[in-house]
Structure formats: structure tokens, C-alpha cells
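Trainee: My questions will all concern the structure given below.
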Amino acid sequence: MIIARVVGSAVATVKAGKLSGFKLLIVQEVTANNKPLADRAPFVAVDTVGAGEGELVFVITGSSARYTDVTENVPVDAAIVAIVDSLEVDGETSFRKA
Amino acid sequence: MIIARVVGSAVATVKAGKLSGFKLLIVQEVTANNKPLADRAPFVAVDTVGAGEGELVFVITGSSARYTDVTENVPVDAAIVAIVDSLEVDGETSFRKA
Amino acid sequence: MIIARVVGSAVATVKAGKLSGFKLLIVQEVTANNKPLADRAPFVAVDTVGAGEGELVFVITGSSARYTDVTENVPVDAAIVAIVDSLEVDGETSFRKA
Amino acid sequence: MIIARVVGSAVATVKAGKLSGFKLLIVQEVTANNKPLADRAPFVAVDTVGAGEGELVFVITGSSARYTDVTENVPVDAAIVAIVDSLEVDGETSFRKA
Amino acid sequence: MIIARVVGSAVATVKAGKLSGFKLLIVQEVTANNKPLADRAPFVAVDTVGAGEGELVFVITGSSARYTDVTENVPVDAAIVAIVDSLEVDGETSFRKA
């Protein structure tokens, strides 16, 4: 799972039918210290947990994005599956949700 | 899902039988501001939503490309599944369809 | 699908049984102008369309490589599924088969 | 499988239901000499073998992360499936667990 | 399929049950001339063909690694499926097994 921050959202009226009703969020991969990774472009993930802009989230990519309770057989390759409360790296808290 | 711009199209007469009838478009990954990502090469995606050249689209890659209503079991690893109306990043509209 | 050029071939006598009979070609990812991408290493794809050395082809990767008529359940992660006749980018023909 | 070191852990209360009960560890890809790869960002993997911080592990990514005895159909794209005892490269022991 | 050289091996006592009995080899991606690709880290693949250290092999990654005769439903994302006899690039033999 990628550690990412929700940085925005997308609107698309014309889309695959099975995508209807999903919130499409723009996410940016970050370090465990919540710093954006300069060489990773933002991408779009479907939200399955009610994530909001600015929150740190875990994004799963690939076929597993179709294995949440709400995305079965949906043509998605990235899904937000968790909102991060805190991260600990090398014994230090690197991130804690405000 | 990758944010990409449709930059062209491809013609291939000799191809896997199950690819017959699909429009093969050349797409270029872009930023949320519609700037091409220099380090990403254009690639080919099947169109499932009637996208046209110059439009911003969302492309799904991997096995999920086989999960639209029209690509089931088709040997494709990239499919255009949405035409972007607008993108919002950090509270600002970064892209709006003309 | 990756735009690639067939640059060679491989011989491997000892291999997974289900790979028997497949032509294993070496392909190099290229731009839509048929220029090799320096940072992409050549890799091996099974041929499903009778592609020949020097031809531009489309290669699908990942699980979809098992979804052509001839590769069902075969342990392959890259398959040539089309021979490119022509590519058009930004309204110009960027490649046409000789 | 990626050679990685467990560098931390994550807490996420709001998450996909099927992720409940899994230990979410932060891992960093390393060389066979246990040196972190500077250009790889840490990511999150579910632990399936009782790995602890500081240990070298093997991480599988993609759909195969759903094929351990405990992750069947769980929306995960990275799973720790082994704790490394030792690695040998070019005839030398490059890593041995303390 | 990736062209790789077997550069070592791994020992892991604690591992997913379904991995028992598999030989875990460390492989390094190489060019068609058997030169290591500096920007690719060594990784671990299960051996399905009796490959030995120093040999050039083809490695399949992703879900297809579960489609050899011996890895069905095994949590692996990389499998050695062939031992390379020879490679030909641009009409020249770039590699021949000693």
C-alpha cells in the first residue's frame, strides 16, 4: 500500500457505467513524514472510506483495488482503503493525524 | 487511474482477434495541470467512452482494464474509462474542460 | 499497451512446459516516433501475431498477457498482440510501416 | 519478491473492513547487503509471518499478496511472506540475521 | 519476461506455508549482453526450472508467476521459467550460454 495524501478531487461525467457513484480523489504519494515524493505524479483513486482532502491515506493499486466491499468487479486500479492515524518509523512518530 | 491526455491514435490490421473493433488511442500521462510528464512515454489504451484527441482522460492499467462493460476477457492492459470535466487540487481548479 | 520494436529473439531449451512452442522475441520500448527509450531495458515477450524483427508492435504486460486466444493460463507476463501499421500523434503521422 | 527491511508500523482506525486485525508494517526496499535503496519510498505491507521492526523480509506485491493463507480476498497489494535468515550473493554471505 | 542473471540465493525459515520447498534465488536484471542494469535492485524469484548461479534466465513477474505447473495458488510474484541458451539482437548473438 502506498502512503499518500489526498490533494484534490475530479469530476468526470462521461465514464464507465460501473464507476458511477464513486468519489474520485486525486492523491499524491508521500514519505512517512508526509513529504510529497517529487518523482511521483498525482493519480486518481476511488475513495472507499470517506477520506477528505489533506488526509493521509493508504492506497492499494492493481487488481486488489477491486477487492474492497464496494469495488467488486469495478474497473478501478487504485482505491483508498484506510485513513492514517499515525505512522512510526525507527521508533519515532513520523506522522500523527491532527 | 492515470491522468492522461489523448495525443493520437494507432492503426494495426494484424492483431489479436479479440482486439477487433476497439479504437486504439495513444495517451500521454500529464500532471493535474495538464502538463506532460517528460519521463513517461506515450502508450496505447483502448477507448471505452468515446474520448477524442486532446481530451483529458482517466486510464486504468493492469487487469482492471478487462473489467469495463466492453472489455471483459479482452487482452488489454490499459483502458480509457472516463473523460475529465475538471480537476481540483489544493482548493484550486487545476483543469477544466474547454 | 507498450509501443515496442522487435529487436531480436531468444532460445531457451529448459523452460516451463507450458511455454513450449511459443516464439520468444526480444522487444525494446520506443516512442511514437520509433526511437528507443534509453531508460527501458529490452525484455522478452511471446509472439501471438507472427511479428518479425524490426517491426513495431504493441505489447501487453501483466495478467492480460494470458488473455489472448493462444496464451490462456500460460505463464507469460508479456505478449505481442498487434503489428503496428501507423501511428498518428498531434495530427501528424509519427510512424508508418515500410 | 522484494528484499525489504521493516522500518516501522502504522495505525489506521478507519479502514476497509477486511483489513481489520492485520498488522500494517512500513517497509523499505534494501539491497542484498541491507542498504536502503534511496530511490524507493517506504510503503505499507500486511504482516503474515510475525515480522518485527529491523528484520529483513521478503515482500510480495500485486495480486499474489492475496494468496497467503490469511489474506485470501483481502484488499492488500503487499504482504510480508518470509523473514530472511541469510542471503548469499556471488558466493559471499551478504546478510545474516543477528 | 525479464532477462536476469542468478546471482545468489536466500534462506528463510519463517515463511508462508505455501512457500515451503521452493528454492528462492536472487536475480539481477541484465541487458541482452548480460550487463547488470545499475538502476534495478536484485530481487528474489522462485526457481521452477532448476536454474543455477551465474545462469541467465527469464523471470516472469506478477500474477503469471502463479501459473507454472508448480506454483499454482502459491503466494509468489516472481518465478524463473526458463534458462537462456542464447539471445540474438539486431542480427548478432548477444549472449550464448557457455
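The values are calculated or read from the model by the stated rules, or taken from the named source; none is laboratory data. Treat the numbers as computed from the prediction; the structure is a model and nothing was measured. Heads up, the Cβs are rebuilt from the backbone with ideal geometry, glycines too, and the neighbour counts pull from every protein chain shown.
Trainee: Of all residues in segment C:47-67 being part of a loop (DSSP other than H, G, I, E, B) and not acidic (Asp, Glu), which is farthest from C:Ser20 (Cα to Cα)? Please lay out each step first, then the result.
Mentor: Our first condition is that a residue be part of a loop (DSSP other than H, G, I, E, B); within segment C:47-67, this holds for C:48-55, C:67.
With not acidic (Asp, Glu) added as a condition, the list becomes C:48-52, C:54, C:67.
Values: C:Thr48: 13, C:Val49: 16, C:Gly50: 16, C:Ala51: 18, C:Gly52: 19, C:Gly54: 24, C:Tyr67: 17 Å.
Looking at the filtered set, the residue picked out is C:Gly54.
Trainee: Can I ask one more? Only one residue in B:Ser9, B:Ser63 is hydroxyl-bearing (Ser, Thr, Tyr), more than 7 Å from chain A (Cβ to nearest Cβ) and more than 16 Å from A:Lys15 (Cα to Cα), so which one is that? Write out each step before concluding.
Mentor: Details: B:Ser63 fails: more than 7 Å from chain A (Cβ to nearest Cβ).
Answer to the selection: B:Ser9.
Trainee: Report every pair of residues separated by at least 6 positions or lying on different chains whose Cβ atoms are under 9 Å apart, first residue within segment A:23-52 and within 16 Å of B:Asp39 (Cβ to Cβ), second hydroxyl-bearing (Ser, Thr, Tyr) and part of a loop (DSSP other than H, G, I, E, B).
Mentor: Filtered contacts from segment A:23-52: A:Leu37/A:Thr31; A:Ala41/B:Thr31; A:Pro42/B:Thr31.
Trainee: Search segment B:17-56 for residues being at the interface with another protein chain (Cβ under 8 Å from one of its Cβ atoms) and within 15 Å of C:Val84 (Cβ to Cβ), and hand back the single one that is nearest to the chain's Cα centre (by Cα).
Mentor: Residue satisfying both the conditions and the ranking: B:Ala45.
Trainee: Working only within segment A:33-49, note down all residues that are within 19 Å of A:Ser63 (Cα to Cα) and of a type outside the set (Val, Ile, Thr).
Mentor: Answer for segment A:33-49, where residues must be within 19 Å of A:Ser63 (Cα to Cα) and of a type outside the set (Val, Ile, Thr): A:Phe43, A:Ala45, A:Asp47.
Trainee: Among (1) within 25 Å of E:Lys35 (Cα to Cα); (2) free of Cβ contacts under 8 Å to residues at least 12 places away in the same chain; (3) not in a loop (DSSP other than H, G, I, E, B), where does C:Thr93 come up short?
Mentor: Of the numbered conditions (1) within 25 Å of E:Lys35 (Cα to Cα); (2) free of Cβ contacts under 8 Å to residues at least 12 places away in the same chain; (3) not in a loop (DSSP other than H, G, I, E, B), the odd one out for C:Thr93 is (1).
Trainee: Return yes when D:Asp47 is closer than 25 Å to A:Ser94 by Cβ and either of a type in the set (Phe, Trp, Tyr) or modelled with pLDDT of 95 or more (or both) and no when it is not. Working first, answer last.
Mentor: On the way: closer than 25 Å to A:Ser94 by Cβ: yes; either of a type in the set (Phe, Trp, Tyr) or modelled with pLDDT of 95 or more (or both): yes.
So D:Asp47 fits the description; yes.
Trainee: Right, something else. Among the numbered conditions (1) among the hydroxyl-bearing types (Ser, Thr, Tyr); (2) farther than 27 Å from E:Asp39 by Cα; (3) surrounded by 23 or more Cβ atoms within 10 Å (Cβ to Cβ), tell me where C:Ser63 comes up short.
Mentor: Here C:Ser63 clears every test but (2).
Trainee: Could you please find all residues in segment D:1-46 being of a type in the set (Asp, Glu) and not in a strand (DSSP E or B)? Show your work before the answer.
Mentor: First pass over segment D:1-46, keeping only residues of a type in the set (Asp, Glu): D:29, D:39.
D:Asp39 - this is the single residue of segment D:1-46 that is of a type in the set (Asp, Glu) and not in a strand (DSSP E or B).
Trainee: Also, I was wondering about something else. Need pairs with beta-carbon distance below 7 Å; first residue over 13 Å from E:Asp47 (Cβ atoms) and within segment E:59-70, second among the polar types (S, T, N, Q); sequence gap 6+ or separate chains.
Mentor: E:Gly62/C:Ser63; E:Ser63/C:Ser63; E:Ser63/D:Ser63; E:Ser63/D:Ser64; E:Ser64/C:Ser63; E:Arg66/D:Ser64; E:Arg66/E:Asn73; E:Tyr67/C:Asn73
Trainee: Give just the number: which of (1) closer than 27 Å to E:Ala98 by Cα; (2) surrounded by fewer than 24 Cβ atoms within 10 Å (Cβ to Cβ); (3) of a type in the set (Gly, Ala, Ser) does E:Ala32 not satisfy?
Mentor: Only one criterion in (1) closer than 27 Å to E:Ala98 by Cα; (2) surrounded by fewer than 24 Cβ atoms within 10 Å (Cβ to Cβ); (3) of a type in the set (Gly, Ala, Ser) is unmet by E:Ala32, namely (2).
Trainee: Is it fair to say B:Val70 is outside any strand (DSSP E or B), surrounded by fewer than 24 Cβ atoms within 10 Å (Cβ to Cβ), in contact with a Ser or Thr (Cβ under 8 Å, 6 or more places away or on another chain) and not polar (S, T, N, Q)? Lay out the reasoning, then the answer.
Mentor: Working: outside any strand (DSSP E or B): yes; surrounded by fewer than 24 Cβ atoms within 10 Å (Cβ to Cβ): yes; in contact with a Ser or Thr (Cβ under 8 Å, 6 or more places away or on another chain): yes; not polar (S, T, N, Q): yes.
Criteria met by B:Val70.
Trainee: Where residues in segment A:80-94 are facing chain D (nearest Cβ under 7 Å) and crowded, with 22+ Cβ neighbours inside 10 Å, which of them is nearest to D:Gly54 (Cα to Cα)?
Mentor: Result: A:Leu87.
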